[in-house]
Amino acid sequence: MISIGERINGMFKDVREAIKNKDPKAVRELAIKQTEAGASFLDVNVGTAAADPAEAMKWLVEVVQDTVKTPIAIDSQKFDVVKAGLSVAKNEILINSSKGDPEELDKFMTLAKEYNASLICLTMDKTGIPQDVARRMEFAMKIVEKAVEHEFELSKVYIDPVLFPINVDQKQPALMFDIFNQIKMISDPPPHRNVGLSNFSQGTKEKRLLARVFLTMGISYGLDAAVMDVLDKDLMDAAITAEIIMNQHLYSDSYLTACRK
Ligand code: THG
């Protein structure tokens, strides 16, 4: 499982305040805690309140990489904000994310190649997010075609079919599972399958349980990456256990300690 720690996001009050006051303390703590929890990447998102989002992104990326060596996922759909983050990046980067419009994919794939970065692509465009399997798969095919055209390694491509909250549309999870399964068979090697896991349980009363069960079920259909709450130990252990059940790691009685990073 490629776990992308979601907590360094201006949507959370502590991070929003940190950005506003240029006080790195809270951000450093979140970088360390999420790294210790086993995050593969740390998502960095300036949120909507930052006065100068490009400057805020540079600052956040610098604070995080001065604190930990964990690779960063630069989370913005604004090209200039992503570019600003990349301009100060020292380590491996995952760009999160490009929309699926052909011209957006051209811009973002060119940029990703220039920085040897990986790239999350959303199955949506400027007209919105399709809610059915067929149109999301059309985007997935286009994304793979674009990667081939740009000679951009498919192992560096992540496709995100955009997960909706369960309280918005209860038919979505089954559709998502179908999509993970189909994306797995789209190419060899296939692109990664990613979701923003906390989108799913936002505004519900059983947040952690819903996220945990969606993640384990998703893994059984081929989900292999998520922007998620890596500080939720039950969630991380459930993901490892789902992967053991799917025969992705070798079972031993101490598999949890063996697989925790
Ligand atoms: N796909 C990709 N990247 C993404 C998303 C996605 N990045 C952003 C987002 N979606 C994933 N990150 C979060 C982070 C937090 C929450 C949801 C998604 C969240 N926050 C709580 C809430 O809104 O209820 C609490 C916020 C607070 O405490 O203020 O759920 O889909 N590629």
Please indicate, with yes or no, whether at least one residue in segment 185-208 is at pLDDT 95 or above, closer than 20 Å to GLU138 by Cα and of a type in the set (Ser, Thr, Tyr).
yes
Output for segment 216-261, where each listed residue is surrounded by fewer than 13 Cβ atoms within 10 Å (Cβ to Cβ) and of a type in the set (Ser, Thr, Tyr)
TYR251, SER252, SER254, THR257
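Only strands (runs of 3 or more DSSP E) wholly contained in segment 1-120 count here; list those with 1 or more residues that are acidic (Asp, Glu) and either buried (at least 17 other Cβ atoms within 10 Å of the Cβ) or over 15 Å from the mean Cα position of the chain (by Cα) (or both).
Numbers: elements: 2-9, 41-45, 72-75, 93-98.
Hits in segment 1-120: 2-9, 41-45, 72-75.
Table: residues versus (1) farther than 30 Å from LEU215 by Cα; (2) among the acidic types (Asp, Glu); (3) within 14 Å of the ligand (Cβ to nearest atom).
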position	(1), (2), (3)
ILE2	no, no, yes
LYS58	yes, no, no
VAL61	no, no, no
THR67	no, no, no
ILE74	no, no, yes
Selection status of PHE139, assigned to a helix (DSSP H, G or I), away from the ligand (no atom under 13 Å from the Cβ) and crowded, with 16+ Cβ neighbours inside 10 Å
yes
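The values are calculated or read from the model by the stated rules, or taken from the named source; none is laboratory data. Computed from a prediction, not measured in an experiment: that's the story for all the values here. Cβ atoms come from the backbone with ideal geometry, glycine included; neighbour counts cover every protein chain shown.
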